[in-house]
Amino acid sequence: MKNNIKTIHLFLGLMAGLLILAASCSEGDLITDELEFEGTLGNCANISANTFVFYKLDATKSKALFLNFTGTNFTLIPDTKKLTSTDVVTLNETTNLLTYREFNSPITASSYFCSNIPPKENTATLEYVSTSGTAEISYDFLRTEANDSIFRRTILLKDITLTGEGVAYRKEVLALGEQEVAKTFTP
């Protein structure tokens, strides 16, 4: 009987030790919903050579999720000879970035994202930056209007990881957004 009690105590002690060890090996808190909000997809092109920015703001204009990358083969307007096309941008920590920011005051998208120097009155109070993942930018032909071909641009973020302030955000698929774009053609 005493041996059974000692065995149970030993077992319980080992289990408690494993629980403490498992809790201390955390990769940081995982956030799950801050980056998922409704907003309209916007874009800026060629702030500098072959640099593109796609962004989404929340309704208060104090949260933003934006993709900033350089691409020599990427264009904002799709090829009208193709009904569908997809470009893939590999995210990293230096040149092809997905960033989430919260601001101390509402921002104006065109002056914040589409200028070389963002306005100084808007201070980021929280920031997460990509460490891995991909952004798939696809175009699907929708219709023809007068002399325009209308396409739907969709940006899906896949297998992304963003980190900041001891927090990691991981998501298999996150929609940055979609928008209609027109390319004029001459008949």
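In this structure, the residue pairs whose Cα-Cα separation is over 25 Å, taken from LYS81/LYS171; LYS63/LYS158; LYS56/LYS81, are LYS81/LYS171; LYS56/LYS81.
Modelled label-to-label distance, THR94 and THR161, 7 Å Cα→beta-carbon offset: nm? The answer from the label model is 1.8 nm.
Under the convention that each Lys and Arg Cβ holds +1 and each Asp and Glu Cβ holds -1, the size of the dipole of the stretch 29-184 around its Cα centre is about 480 debye.
One way to sum up the overall shape of the stretch 129-171 is the equivalent ellipsoid from its Cα gyration tensor, whose semi-axes run 35, 8, 6 Å, largest first. Computed over the stretch 29-184, the Cα gyration tensor eigenvalues convert (square root of 5λ each) into semi-axes of 27, 18, 15 Å, ordered from largest to smallest.
Annotation: peptides 163-171, 61-69, ranked by per-residue average of other Cβ atoms within 10 Å with the highest first, follow the order 61-69, 163-171.
Each reported figure results from applying straightforward, stated rules to the coordinates on display, with no laboratory input. Not measured: the values here are computed from a predicted model. Ideal geometry is used to build each Cβ from the backbone, glycine not excepted, and the neighbour counts take in all protein chains shown.
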